[in-house]
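What follows is one structure encoded as structure tokens, with my remarks underneath.
Bear in mind these aren't lab numbers, they're just calculated from the coordinates by the rules spelled out. Quick caveat: nothing in here was measured; it's all calculated off a predicted structure. Cβ placement follows ideal geometry from the backbone for every residue including glycine, while neighbour counts extend to all protein chains displayed.
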Amino acid sequence: MSAPAHWIGVAARGHVMVGVAEGFVMFAHGKHGAVKQVQPGDWFVYYSPTQTLGKADAVRRFTAIGQVLEGEPVQMQMGMDDTGWRRAARFLDAQEADIYLLLPQLSFVTNPAHWGMYFRKSLFRVEAGDFALIAEAMGVGDLIH
């Protein structure tokens, strides 16, 4: 079995907190292809630019961190006429971490003046070292090994 991958998902904090409460991860507004990328045992962290999707209520923090559990993606009803795909997840009891304190240390942010461009994707893979920095800032660095 290969080593677990490390992912950053980007979602409004309000949506992330629903996943935390119900024990699931969802990426790219529930697109099947996105949730299929993450595998059981992989680690993930959510970055939340805002509290509410489409609003200017800035958060700009890493808001939740955890590990994908065994099982295949499951389709769920999200609204009256909308469905999305999710995976079961175990979230760690972590504190939120300010993105600005971590930007100078993250290896994938090669142009700090345009750091927001790196977080335009809904889901992207990062190196274990970057993930460990984020986990440490969230107070759970010792739990991700």
For this session: Could you grab the Rg to Rh ratio for region 6-138? Cα atoms only, Kirkwood for Rh.
Result: 0.94
For this session: Report the charge-dipole magnitude of the chain in Debye, nearest 20, computed about the Cα centre from +1 at each Lys and Arg Cβ and -1 at each Asp and Glu Cβ.
Result: 400 debye
Problem set entry | Loop trypsin sites (Lys or Arg not before Pro), region 36-109, which have at most 12 other Cβ atoms in a 10 Å radius of their Cβ (DSSP) | Lys55
For this session: Go through region 40-57 residue by residue and turn each phi into a ³J(HN,Hα) via Karplus (6.51, -1.76, 1.60, θ = phi - 60°); whole Hz please, and just put x for glycine and proline.
Result: x, x, 5, 9, 9, 9, 9, 9, 10, x, 9, 7, 10, 4, x, 10, 9, 9
Problem set entry | Proximal aspartates and glutamates to Lys55, defined as alpha-carbon separation beneath 12 angstrom and excluding residues fewer than eight positions away on the same chain | none
Exercise. Of the GluC sites (Glu not before Pro) in region 4-103, which ones lie in a loop per DSSP and count no more than 12 other C-beta atoms within 10 Å?
Worked result: Glu70
Seminar exercise, completed: Residue-ordered couplings for region 91-108, obtained by feeding phi - 60° into the Karplus form 6.51 cos²θ - 1.76 cosθ + 1.60 and rounding to whole Hz (Gly and Pro as x), are 9, 8, 7, 10, 8, 6, 10, 5, 4, 5, 6, 9, 3, x, 9, 7, 5, 7
Problem set entry | Separation of the Leu53 and Leu103 label points, Cα + 7 Å toward Cβ, nm | 2.6 nm
Exercise. Region 92-126 to region 58-89: how many Å between their Cα centroids?
Worked result: 20 Å
Seminar exercise, completed: Straight-line reach check, Lys36, cutoff 20 Å on alpha carbons, 8 or more apart in-chain or any other chain, hits among aspartates and glutamates -> Glu22, Glu70, Glu72, Asp82, Glu127
